[in-house]
Structure formats: C-alpha cells, structure tokens
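Working notes for the structure below.
What follows draws every value from the coordinates through simple rules; no lab data is involved. None of these values were measured; they are calculated from a predicted model. We place every Cβ from the backbone using ideal geometry, glycine too, and count neighbours over all the protein chains shown.
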Amino acid sequence: MPTDARPGPARGLILVVEDEPAIADVIRLNLAKAGYGVHVEHHGDNALDAVRRLKPAAIILDVGLPGLDGIEICRKLRGDQDWTPVLFVTARDDEVDRIVGLELGADDYVTKPFSPRELVARVTGVLRRTQGVPEPAPQTVGAVTLDAGQRRVFTDNDELALTATEFDLLAYLMRRPGRVFTREQLLSQVWGYSSVVGTRTVDVHIAQLRAKLGGASPIRTIRGVGYAAENTS
Ligand code: CA
C-alpha cells in the first residue's frame, strides 16, 4: 500500500520504489529525517504513474520488484526522455553488472545491505550535482564540446543524452584538459563522497561515458593512476 509522508519537503520529494516494507520504512524515515519529502510505492507497476504525477527530484529504485522491475522502469523513463535522477538499490553484484551493461542511464547505485546514512549521502550527492550552479562558456576537448551552462554535450553535430552524473564527470575532466585525476579525487570532487565508498563507481560511469561518446571520447585511462580528458589526434 502506498504511503505518503511529506513533513515539509524542504529538500525536494524523493520517490522510493521498494517492495520490502521494512527496507522501504528505513529509507523513508532516514530521508524524512534529512529533510526530504518521501513517497513510497511497493509495486513496480505504479512507479511510472507516480513519476508523472509527483515529478520527484530523484527516484530510489529497487531492482527486484513485483510487476515492472527497476531496470524496466528506468528503461521506460529514459525512453521517454525523462532524466529524473535514478539511484538503484540492488541485492546482488550481478544486478550492478546488468545496470551498467544495459547503459540504463542510472545516476548511482547502492548494494544491499547499505547504511541509511550512505543512502542519504548518495541522494544528496545526486541532487547537488543535478541542481549545481551552471558554468558559462562551452568548452571543446578533441571532438567533444560541452556547454556547462545549458548542460549539453555535442560530438560533431550530434547531441548526446547524458545522465547528470555522466555530465558532471565529463565536465570535471574537461575543465582541466590533460590533467590526471585519481578515482578518489573524482569521487570526492564529482560525487562529494568520503572515501568509504568504492571507487568502482567512478569506473562504472567512465565506462558509460565512453560507450556514449564512442570514437569521440577524449577520456584516457592512466593505468594505476586514474583518468584524464585529452585532445586526441
Ligand atoms: Ca525487492
């Protein structure tokens, strides 16, 4: 049964789609305590309607759900050009591989069991990135042009559809072409996490970016160190 608890959503409304009541409760309580409005759906088939109706600031999406599963929900949203930030909650590592492999445009994920504090930090991070202060002057590195003010990215004449996280990661690298950043630096600068969170998150998003940028990708891997955006020629 859907529950609606909105104690003054000072920080925006979060839609939580989670079929396990105990987990949904923990998420709801912790988000509410952090100042978010929360709406919970327990059945996958209700998720898309809830997104359209409530226009949440972000969605916390369990992968394993009755009805439409989390992956199908995210795929349908992105298919509709809906780029509401999505944070997946997964039960197993192979689900993470599926999320990454399918290039669903997920903004982040946490694996069960997760600490509520970590989950709230991730939500805050996703929102901070998507609502960040825009920067002026489009910038070009190699074949990629990034307009931070309008949050648009082009390769030659094609505009790319990037998630908020992918955009911010690319923008951060392109702001300082040639400079090498470690995964830990990218994690703290782009995501704003402390180092307790695995750096695999960075690799996952670099892989998603490269898949979308294709041959135009300016991102170079510096083995044993990290990543840099460089003019390729
Ligand atoms: Ca589940």
Inset, instruction - Sort out which residues of region 70-95 are buried (at least 17 other Cβ atoms within 10 Å of the Cβ) and near the ligand (Cβ under 10 Å from one of its atoms), and write them in order of number. - result: Gly70, Val89, Thr90
Legend entry - Within region 118-134, considering residues that are in contact (Cβ under 8 Å) with a residue 24 or more places away in the chain and touching a Gly at 6+ places or on another chain (Cβ under 7 Å), the one surrounded by the fewest Cβ atoms within 10 Å (Cβ to Cβ): Arg128
Inset, instruction - Go through region 168-189 and give me each residue that's of a type in the set (A, V, I, L, M) and in a helix (DSSP H, G or I). - result: Leu169, Leu170, Ala171, Leu173, Met174, Leu186, Leu187
Inset, instruction - Mind telling me which of the residues Ala229, Ala171, Ala148, Ala216 ends up being surrounded by 14 or more Cβ atoms within 10 Å (Cβ to Cβ) and touching a Ser or Thr at 6+ places or on another chain (Cβ under 7 Å)? - result: Ala216
Inset, instruction - Please identify the pairs in which a residue from region 143-155 that is among the β-branched types (Val, Ile, Thr) has its Cβ atom under 8 Å from the Cβ atom of a residue that is in a loop (DSSP other than H, G, I, E, B), counting only partners at least 6 apart or on another chain. - result: Val144/Ser217; Val144/Pro218; Thr145/Pro138; Val153/Leu162; Thr155/Ala143
